[in-house]
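Down below is the structure, laid out as structure tokens.
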Amino acid sequence: MAPLDTKPSGADKGVWKSGKGKGRRTPKGRQFTDEAMAEIHRLLGDRPRRRDLLIEFLHLIQDEHGHLSADHIAALAVEMRVGQAEIYEVATFYAHFDVVKEEETPPPALTIRVCDSLSCEMAGAQQLKAALEDGLDASQVRVLRAPCMGRCDTAPVLEIGHNHIDHATPEKVQAAIAADDTHAHVPAYEGFAAYCDNGGYAKLKDLRADGDWEQVQDDILSSGLRGLGGAGFPSGKKWGFVRMNEGPRYLAVNGDEGEPGTFKDRYYLERTPHVFLEGMLIAAWAVEAETCFIYMRDEYPAVLEILRTEIAALETAGIVESGYIDLRRGAGAYICGEESAMIESIEGKKGLPRHRPPFVAQVGVFNRPTLVHNVETLYWVSKICREGGEILSSVEKNGRKGLRSYSISGRVASPGVYLLAAGSTILDVIDAAGGMAEGHTFKAYQPGGPSSGLLPSSIDDVPLDFDTLQPLGTFIGSAAVVVLSDQDTARDAALNMLRFFEDESCGQCTPCRTGCEKAVKLMQADKWDTDLLEDLCQVMGDASICGLGQAAPNPIRLVMKHFADEI
């Protein structure tokens, strides 16, 4: 037998010296430039590269460059050790991030967002947007439609950069551009020193020293305080639900006030932020929360600046340790007002509502027990602890107890936030706002944001409070009251509401995603197919995962019921 040839095939030809098999210079996949990686290092600085901070990091890039380039996304993915597809998926979920792919042209340096929610549309938002598009250079300024900015009392409103222009006109916009006035304007407010001079944080210190959380919980319950984000759940009960679960525990503040017509949280935060902050810290003490997350909508840049400043003051004063209050910035997604979607966003993910159970009191932020409260709810927690529950329970009107902060806009003389007895009717609310605007006759009203639909002016004796409106097929929600007049049509108002829901649906469930789209198409017909619309409403209400899809049919049903002559 011939000896076995052990030499590699082709060895005599020098294959191993040809250079064809030399190693790669880069990993496989999309590459990033050294410049992009250096920029990511500069922007992120010494911040921990935690996955839950992804949205915060995307804001840093967007603020610096006005968009998110493929180069920066690739570099950020390597720096955070996550996939580029995951970052792209999160960034494209939120309206305030502009993702620019390779070979695409970045957006202009300046963006103007024109609010087109109901109050602003009634005040001429569409005409304003058209005038801006005609009068500005599209290569220099981008004009976009946008959902509610929480400034319905000064409609029409737009945001140029981060500067909100109230009662906006093309002339005001031109003046702002000429002056390079594109930054948030922080209003005068009660700061830390002034709040402490008036007894602020004394109650918190007393409770921390020798307080009984169960007694405080009883005080909250006896005051009658209910969740003021819209659901109306008795506020004190949440504390016990969270405390029965083993720690660590967290507190999350829902500051994503995105329901069109609502601006009460902004009203309080821009005037007395420490009333809210002390209430938050009292609630955190009650459940022994390890961290307080404040999730604040990106449409409130002035509020974000106020909170950054005042949280730093609390840290300097030693009232909280550095990092105990973690301020998170939303990115333009109404769905994140739903508590589980907000928690997903706090974790740096898409704001998709979770299936429940388990509830967030058991499995919340980072899968730990989490107490979720609205901004105004915590405002009242502070007031109750300092002044007693009688500030709410002693007020009675029309058989209802307590106070409500009504955000009032539309065809009234003096839109704004009005603190009234919870038993107030729509006529009381209109009267508080100075009556109807000149030349307008009361026709209809939205009692609690678009989710509540529309009621006719003939229903004017029902208290606008929790539990009183359900027999009418609606609810008070966040007490976002928009008043319509004889110069408006209910069908157009309902269409505006459904277009909002169509835009803001997260798309996770088919009944909401497809239902809102089909409803908008059906509502644009000269004559509504009421049987088909009712079938659609039934499916959306029964099968949607969260409150958006479940409540979206309300404007349709109430228009069909009360304004049949218009459809």
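The values are calculated or read from the model by the stated rules, or taken from the named source; none is laboratory data. If you're wondering where the values come from, they're calculated on a predicted model, not measured in any experiment. Because the Cβ atoms are built from the backbone with ideal geometry, glycine has one as well, and the counts that use them run over all protein chains shown. The protein model used for the area step is the full one, side chains on, heavy atoms only, and it has no ligands, DNA or RNA in it. Shrake-Rupley method; radii C 1.70, N 1.55, O 1.52, S 1.80 Å.
A simple charge model with +1 on the Cβ of Lys and Arg, -1 on the Cβ of Asp and Glu and nothing else charged puts the dipole of segment 256-376 at about 320 debye relative to its Cα centre. If one takes the longest principal axis of the Cα atoms in the chain, at what angle in degrees, from 0 to 90 and to the nearest 10, does the Cα axis of helix 301-316 lie? So the inclination is approximately 80 degrees.
Placing unit charges on the Cβ atoms only, positive for Lys and Arg and negative for Asp and Glu, gives segment 469-527 a dipole magnitude near 240 debye about its Cα centre.
To the nearest ten degrees, helix 125-135 and the longest principal axis of the Cα atoms of the chain are 50 degrees apart. Taking a ≥ b ≥ c as the square roots of the eigenvalues of the Cα gyration tensor, segment 245-317 is oblate, since a/c reaches 1.5 or more and a/b is not larger than b/c. With the whole protein complex present, TYR267 retains an accessible surface near 70 Å², based on a 1.4 Å probe.
Judged by the mean number of other Cβ atoms found within 10 Å, the most tightly packed of the peptides 69-77, 31-39 leads the ranking 69-77, 31-39.
If you sort the three axes of the alpha carbon gyration tensor as a ≥ b ≥ c, you get a/c of 1.5 or more for segment 451-567 and a/b no higher than b/c, which makes it oblate. Here segment 102-228 has an Rg and Dmax of 22.4, 65 Å, counting Cα atoms alone. Using a probe of 1.4 Å on the protein chains alone, the accessible area found for CYS506 is around 40 Å². Each residue of segment 541-552 is assigned a 3J(HN,Hα), and the resulting list reads x, 7, 10, 6, 5, 10, x, 4, x, 5, 9, 4 Hz, derived from the Karplus form 6.51 cos²θ - 1.76 cosθ + 1.60 (θ = phi - 60°), x at Gly and Pro. These residues, ASP153, ASP565, ASP529, go from largest to smallest accessible area, 1.4 Å probe, as ASP565, ASP529, ASP153. The heavy atoms of PHE366 offer some 80 square angstrom of accessible surface to a 1.4 angstrom probe. Relative to its residue count, segment 338-455 spans a Cα convex hull of 163 Å³ per residue. Could you please tell me the mean projected area of the C-alpha convex hull for the chain, averaged over all directions and given in square nanometres to one decimal? If I average the Cα hull's projected area over directions, I get 36.9 nm².
Considering only MET497, ILE459, VAL559, and ranking their Cα positions along the charge dipole of segment 458-561 that arises from unit charges at the beta-carbon of Lys, Arg, Asp and Glu, the one farthest toward the positive end is MET497. If you take all other residues with their beta carbon under 12 Å from the beta carbon of GLY389, and give Lys and Arg +1 and Asp and Glu -1, the sum is -1.
Other residues within the sphere of radius under 14 Å centred on the Cβ of THR309, judged by their own Cβ, net out at -4 (K and R +1, D and E -1). Ordering CYS509, CYS196 by accessible surface, largest first, gives CYS196, CYS509; the 1.4 Å probe counts only protein heavy atoms, with every chain in place.
Per residue, the accessible area of the chain comes to 44 Å², computed with a 1.4 Å probe over protein heavy atoms only. Relative to the Cα centre, the charge distribution of the chain, modelled as +1 at Lys and Arg Cβ and -1 at Asp and Glu Cβ, gives a dipole magnitude of about 2020 debye.
If R0 is 56 Å, the Cβ-Cβ spacing of ARG49 and GLN524 corresponds to a FRET efficiency of close to 0.70. Judged by a Cβ-Cβ distance under 4.7 Å, the unpaired cysteines of the chain are CYS148, CYS152, CYS196, CYS292, CYS336, CYS385, CYS506, CYS509, CYS512, CYS516, CYS537, CYS546. Considering only DSSP beta bridges with both partners in the chain, what is the antiparallel share in %, to the nearest 5? Of the beta bridges lying entirely in the chain, close to 45 percent run antiparallel. Could you tell me which of rounded, prolate or oblate describes segment 186-315, using a ≥ b ≥ c as the square roots of the eigenvalues of the alpha-carbon gyration tensor, with rounded for a/c under 1.5 and, failing that, prolate when a/b is larger than b/c and oblate otherwise? Here segment 186-315 falls in the oblate category.
Compactness of segment 386-515 is given as radius of gyration and Dmax, 16.0, 49 Å, from Cα positions. Relative to the longest principal axis of the Cα atoms of the chain, the long axis of helix 34-44 lies at roughly 40 degrees.
Using θ = phi - 60° in the Karplus curve 6.51 cos²θ - 1.76 cosθ + 1.60, the 3J(HN,Hα) couplings for segment 394-405 round to 7, 8, 9, 7, 6, x, 10, 10, x, 10, 10, 8 Hz; x is entered for Gly and Pro. Measuring nothing but protein heavy atoms, the accessible surface of segment 471-552 at 1.4 Å probe radius is 48 percent carbon and sulfur. Other residues within the sphere of radius under 13 Å centred on the Cβ of ARG271, judged by their own Cβ, net out at -3 (K and R +1, D and E -1). To put it simply, the accessible area of segment 73-161 at a 1.4 Å probe is 48 percent carbon and sulfur.
Exceedance of the 28 Å cut-off in Cα-Cα distance is limited, within the set LYS443/LYS527; LYS203/LYS264; LYS521/LYS561; LYS238/LYS561, to LYS238/LYS561.
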